[in-house]
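Shown next, in C-alpha cells, is the structure this report addresses.
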Amino acid sequence: MALVHHDADLSIAPPRLGGVDHLEWWVGNARTFAGFLCSVFGFEPVAYAGPETGRPDRASYLLRQGTVTFMVSGALHPESPIADHVRRHGDGIRDIAFLVDDVDAAYDAALARGGTGLRPPADDTDGHGTVRHAAIATYGDTVHTLLDRSRYHGPFAPTFERSDLPPPAGPPVGITRLDHVVGNVELGSLERWVGFYEQVFGFSQLLHFDDEQISTEYSALMSTVVWNGETVVMPINEPATGRRKSQIEEYLDFYGTPGVQHIALRTDDIVATVRALRARGLRFMAVPSAYYDDAKARLAEVEGLPWAALEELAILVDRDLDGYLLQIFTETVTDRPTVFFEIIQREGAKGFGEGNFKALFEAIERAQARRGNL
Ligand code: FE2
C-alpha cells in the first residue's frame, strides 16, 4: 500500500502526465476476457505477447477502440504475480498506465513528493526501438506505470506482435475515448487518497460529493474527483454508513482491498452505442420505472432529448450548470461483484451524474439483494 511520506519534498514539480496510455486487466483467462471485450464491447485486437513471441510467463492481448487501449493479461504458471492477484482480487484492473515524456524525471518527482516506487526506470528494447517505464504504487494492489513509448516504432512494446485476428462482426459501438476511472477505498481513507494524488501527482480536486448528496435508505458514499487539469480524471469513493451494507463495502469485501470500481467510456451517440452493445449481448443495470418521470422534470429545459429511446434502453440523464449528460452503467463484468463499466455522452456537462446516483444505487441495491449481500 502506498503511504504518503511526511518528509515529501513539494518544492520538486510533480510528474507531467500526457494522459492515460492504457489500462491493464489481470484476469484468470486473458483469451476469453479479451474475446468478451472484442465481441461484446467492439474492441479490436491490436497486438499480442506470449510464449510464441518470447514472453514465457504470461499472455497479453492489446485491444483498442477510439483512443481507449486495454491490455488483458493472464498467468501461465501458478507462481505468477498475475495468478496471485487473481486469487486475491478476482479479475480486475492492475495498472492505470500514464504516458510521460521523461520517465526518470517523473519517477524521481513522484518519489520525492512521497510516492512509493515499485519498479525503478528501465528500458525494454528490440529492433523497433525502446520503451522506458517505471511504476508507482497507488490504492490497494493497483499501480501507475509511467511510460514513454515515443522511441518505439513497433506494435506497442517489445515482445508484442501485431494481431492477425479479425475483429468479431457486430454493429459498430462508437466508443471514442476514456472519460474517467473510479477507485473505491476503505472507510475513512478518502481524504488520504485525495491527498496522495494532490501531493504525489500534483492533481487538484474537481468535485466533492458528501453522503448527504449521495445516499439511499441503505447505501451511502462520499466521493471526490481528482484530476490533472486535462484528460486524467479519477473519482475516488469511500463507503459511508447506511442502514445496510453499501455497494462500496460489498466491493471491498469481494476485491479484498481498494481498487478500480468502474471505467467510464465516452461516446458521441449513446443511443447508437447502447443499442449496439445490447445487440452484442452486454447487460446493463435496470432503471426504476419511476425514474423517467423525475428525469423529465429535472431536464425540462433541455429540448429534443429522445425520451422514448432513453427509456427503452435504460439510459440515465443528468444536468449541471454547463449542460447535460447521458450515461448508463453495466452490470459487473467480473464474477465477483466488483468491476463495471459506464458509457457516457457529454453535452457540455462536466459532472458525473450526481443526480442519478440515487436512481443508480436503488438499481444496484436490487441486484445486491438478489445476491444476499444487502
Ligand atoms: Fe462514473
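The values are calculated or read from the model by the stated rules, or taken from the named source; none is laboratory data. All values derive from a computational prediction rather than experimental measurement. Note: ideal-geometry Cβ built from the backbone for every residue, glycine included; neighbour counts use all protein chains shown. Keep in mind that these areas ignore ligands, DNA and RNA; they rest on the heavy atoms of the full protein, side chains included. Shrake-Rupley method; radii C 1.70, N 1.55, O 1.52, S 1.80 Å.
Within region 47-106, track down each residue that is touching a Lys or Arg at 6+ places or on another chain (Cβ under 9 Å) and among the hydroxyl-bearing types (Ser, Thr, Tyr).
Tyr48, Tyr61, Thr67, Ser73, Ser80
Mind listing whichever residues of region 331-367 are away from the ligand (no atom under 11 Å from the Cβ), touching a helix residue (DSSP H, G or I) at 6+ places or on another chain (Cβ under 8 Å) and either without any contact (Cβ under 8 Å) to a residue 24 or more places away in the chain or not in a loop (DSSP other than H, G, I, E, B) (or both)?
Result: Gln345, Gly355, Ala359, Phe361, Ile364, Glu365.
Somewhere in region 278-290, is a residue closer than 26 Å to Phe70 by Cα, under 18 Å from the mean Cα position of the chain (by Cα) and within 16 Å of the ligand (Cβ to nearest atom)?
yes
Name the single residue, out of those in region 312-330 being modelled with pLDDT of 95 or more and open to solvent by 30 Å² or more (accessible area, probe 1.4 Å), that is nearest to the ligand (Cβ to nearest atom).
Looking at the filtered set, the residue picked out is Tyr324.
Name the single residue, out of those in region 161-185 being open to solvent by 60 Å² or more (accessible area, probe 1.4 Å) and modelled with pLDDT of 95 or more, that is nearest to the ligand (Cβ to nearest atom). Spell out how you get there, then give the answer.
Narrowing region 161-185 to residues open to solvent by 60 Å² or more (accessible area, probe 1.4 Å): 161-162, 164-167, 169, 172, 177.
So of that shortlist, the ones also modelled with pLDDT of 95 or more come out as 161-162, 172, 177.
On the way: Glu161: 34, Arg162: 33, Pro172: 23, Arg177: 14 Å.
Filtering region 161-185 for residues that are open to solvent by 60 Å² or more (accessible area, probe 1.4 Å) and modelled with pLDDT of 95 or more, the one nearest to the ligand (Cβ to nearest atom) comes out as Arg177.
Search region 62-74 for residues that are at positive phi and pair each with any residue that is of a type outside the set (Phe, Trp, Tyr) and part of a strand (DSSP E or B) when their beta-carbon atoms are under 8 Å apart and the residues are at least 6 apart or on different chains.
Gly66/Ile175; Gly66/Thr176; Gly66/Arg177; Gly66/Arg266
I'd like to verify a number: residues in region 225-246 that are farther than 17 Å from Gly259 by Cβ and within 16 Å of the ligand (Cβ to nearest atom), how many? Steps first, please.
Keep residues of region 225-246 that are farther than 17 Å from Gly259 by Cβ, which gives 225, 227-233, 240-245.
Of the ones still in play, those that are also within 16 Å of the ligand (Cβ to nearest atom) are 225, 227, 231-233.
The total comes to 5.
Taking only pairs six or more apart or across chains, which ones have beta-carbon atoms under 8 Å, a first residue in region 32-47 that is within 9 Å of Pro168 (Cα to Cα) and of a type in the set (S, T, N, Q), and a second residue that is in a loop (DSSP other than H, G, I, E, B) and open to solvent by 20 Å² or more (accessible area, probe 1.4 Å)?
These pairs meet every condition: Ser39/Pro168; Ser39/Gly170; Ser39/Arg280; Ser39/Gly281.
Kindly list the number of the only condition in (1) assigned to a loop (DSSP other than H, G, I, E, B); (2) in the same structural domain as Trp25 (by TED's automatic domain parsing); (3) surrounded by 16 or more Cβ atoms within 10 Å (Cβ to Cβ) that fails for Pro121.
The number of the failed condition is (1).
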